[in-house]
1. In whole Hz, with x marking every Gly and Pro, tabulate ³J(HN,Hα) for the stretch 58-69 from phi via Karplus 6.51 cos²θ - 1.76 cosθ + 1.60, θ = phi - 60°.
2. Given 20 °C and 1.002 mPa s, compute D for the chain with the Stokes-Einstein relation, Rh being the Kirkwood radius over Cα pairs; round to the nearest whole µm²/s.
3. Using only helices, what value at 222 nm comes out for the chain when you add -39,500 (n - 2.57) per DSSP H run of length 4 or more and divide by the total residues, to the nearest 500 deg cm²/dmol?
4. Over 28 Å between C-alpha atoms is what I'm after, so list which of Lys7/Lys138; Lys91/Lys262; Lys46/Lys138; Lys107/Lys248 land there.
5. Rg and Dmax of the stretch 159-253, Cα atoms, in Å?
6. Could you give the size of the charge dipole of the chain about its Cα centre, using +1 on the Cβ of each K and R and -1 on the Cβ of each D and E, expressed in debye and rounded to the nearest 20?
7. Can you tell me the dipole magnitude for the stretch 83-159 around its Cα centre, using point charges on the Cβ only (Lys, Arg +1; Asp, Glu -1), in Debye to the nearest 20?
8. Taking +1 at the Cβ of each Lys and Arg and -1 at the Cβ of each Asp and Glu, which of Gln71, Gln9, Gly22 sits farthest along the dipole of the stretch 1-94 towards its positive end, judged by Cα position relative to the Cα centre?
Amino acid sequence: LTSWNFKQQKTVIDLGDGVKVGGPELTVMAGPCSVENRDQIIETAKIVKAGGAQILRGGAFKPRTSPYSFQGLGEEGLKLMAEAREETGLKIVTELMDVEHIDVVCKYTDIIQIGARNMQNYSLLKEIGKLDKPVMLKRGMAATIKEWLLAAEYVMNNGNHDVILCERGVRTFGEETRNTMDLSSIPLVQQLSHLPVIADPSHGTGRWELVTPVARAAVAVGADGIMVEVHPDPQNALSDGPQSLKPKNFQLMMDEINAISKSL
Ligand code: PEP
Ligand code: MN
């Protein structure tokens, strides 16, 4: 179902109000790693809207490596995301971690994010396959391209064909970056599949100074969009501060990727 054999036209997911994922224009999803409080999410939403993003990202149910780290605000965070949508007109994307939260997440979000850690959670994939809601499926941190596309098949095979793929880097042996951003997967997946592919240089690198250069490269290799973490005060972020762009740097990134996108 993911292949060009099944469908000869590129999948374009229309979220309404002129927001599309899959072209022809670049789609930008930006916002904090986690929703922390009202001021933080509203302020960030206004910043990314002004910079030209179409979609606000923000986690309310967080898959943290340590159980002692901030786990997210849960439904309270989703309500704040919805408030930010009201305020700015941005669409929203947020992570769903568990089948038990399907109803509450769907009540608020425009796109369901399935995180890297859940890419092979087949019971979750089957359940979201039954929904009428776009899904962004992040690549597992040790997943091959084949495994990633087969995960998308699990969703589509159950009826939901509105799947967006997101390359977020894979685990290799170095310690200088959080993950190794696999830029080659973007054109490769586009050769194999009609689904839109988004690049996440924030989790792909783990370092804010690398986010903009890698975002430029991702656009140059043909990504349909970029997901990027932005925080008004990265040093005090409750998660992923070191990879979050400050507002000014987000604006610079936008200028650069828009220039590259236009030149393609
Ligand atoms: C995230 O987008 O905040 C996230 C947890 O990403 P990943 O699942 O790619 O680690
Ligand atoms: Mn994050």
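We did not get these values from a lab; they are worked out from the coordinates using the rules stated. The structure displayed is predicted, hence computed values, not measured ones. When we count neighbours, we look across all protein chains shown, and the Cβ atoms used for this are built from the backbone with ideal geometry, even at glycine.
1. x, x, 10, 10, 9, x, 7, 4, 9, x, 8, 7
2. Numbers: Rh = 18.0 Å.
Calculated translational D: 119 µm²/s.
3. Helix-only estimate at 222 nm: -11000 deg cm²/dmol.
4. On the way: Lys7/Lys138 22 Å; Lys91/Lys262 23 Å; Lys46/Lys138 26 Å; Lys107/Lys248 33 Å.
Check vs 28 Å cut-off fails for Lys107/Lys248.
5. Rg and Dmax of the stretch 159-253, Cα atoms, are 13.8, 43 Å.
6. Details: 28 positive and 33 negative charges, 93 e Å.
Here the size comes out at about 440 debye.
7. Magnitude of the dipole: close to 340 debye.
8. Gln9
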